[in-house]
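What follows is a set of notes on a single structure, which appears directly below.
The values are calculated or read from the model by the stated rules, or taken from the named source; none is laboratory data. Since we're looking at a predicted model, the values are computed, not measured. All Cβ positions, glycine included, derive from the backbone under ideal geometry; neighbour counts span all protein chains shown.
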Ligand code: SF4
């Protein structure tokens, strides 16, 4: 199985979630956020394809990292390879963050034809930073987020309750979601 990436993994990031993390940059995004910092990740035939096994091999070599982060681009456009990668990362004890331009409510909408795939991916994610980047709500003071509409969500609690539960651990870094 292959995944289309925008760039090679960032092995050591300290800005894409807590602690030292390895970031997977999924290629392809339809959200068209005004002011997007990474327009080269939008084209679904851009970037390059990599075997999922090669990504898993790289993740297995990590020593000091606390977790992995799915970013892009839009990771939820490629749920199948990312489910596989996340399952392996979990076995290694890594925690998993994901960024999505979709809101949590969109991702758990049972009427969406991609509901089952998205739910399977969410089941393997600890924390979701959700929603489009809104330029007028951008602030450089926000930790782990680009704009204040985005929320930091405890995914497993939210799936149980079927509503977004904000991640209390990071609440001090969050202003009130508008
Ligand atoms: S979701 Fe992210 S990558 Fe996609 S357009 Fe918005 S800011 Fe850019």
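For segment 115-128, the candidate set comprises residues that are outside any loop (DSSP other than H, G, I, E, B) and without any contact (Cβ under 8 Å) to a residue 40 or more places away in the chain; within that set, the residue that is farthest from residue 162 (Cα to Cα) is 117.
The condition (being crowded, with 23+ Cβ neighbours inside 10 Å, in contact (Cβ under 8 Å) with a residue 24 or more places away in the chain and over 20 Å from residue 152 (Cα atoms)) is satisfied by just one residue among 68, 59, 55: 55. Going through (1) more than 23 Å from residue 27 (Cβ to Cβ); (2) surrounded by fewer than 19 Cβ atoms within 10 Å (Cβ to Cβ); (3) modelled with pLDDT under 95 one by one, residue 147 falls short only on (1).
Of all residues in segment 133-147, those that are in a loop (DSSP other than H, G, I, E, B) and touching a strand residue (DSSP E or B) at 6+ places or on another chain (Cβ under 8 Å) total 6.
Flag not set for residue 113, criterion: away from the ligand (no atom under 16 Å from the Cβ) and either surrounded by 16 or more Cβ atoms within 10 Å (Cβ to Cβ) or closer than 20 Å to residue 19 by Cβ (or both). In segment 140-162, the qualifying residues are those that are touching a residue at least 40 places away in the same chain (Cβ under 8 Å) and over 17 Å from residue 105 (Cβ atoms), and the one that is nearest to the ligand (Cβ to nearest atom) is 146.
Taking segment 119-137 as the range and being buried (at least 16 other Cβ atoms within 10 Å of the Cβ) and within 15 Å of the ligand (Cβ to nearest atom) as the test, the residues that pass are 128, 129, 130, 131, 132, 133, 134, 137. Within segment 1-40, the residues that satisfy the criterion of being within 14 Å of the ligand (Cβ to nearest atom) and farther than 20 Å from residue 83 by Cα are 30, 31, 32, 33, 34, 35, 36, 37, 38, 39, 40.
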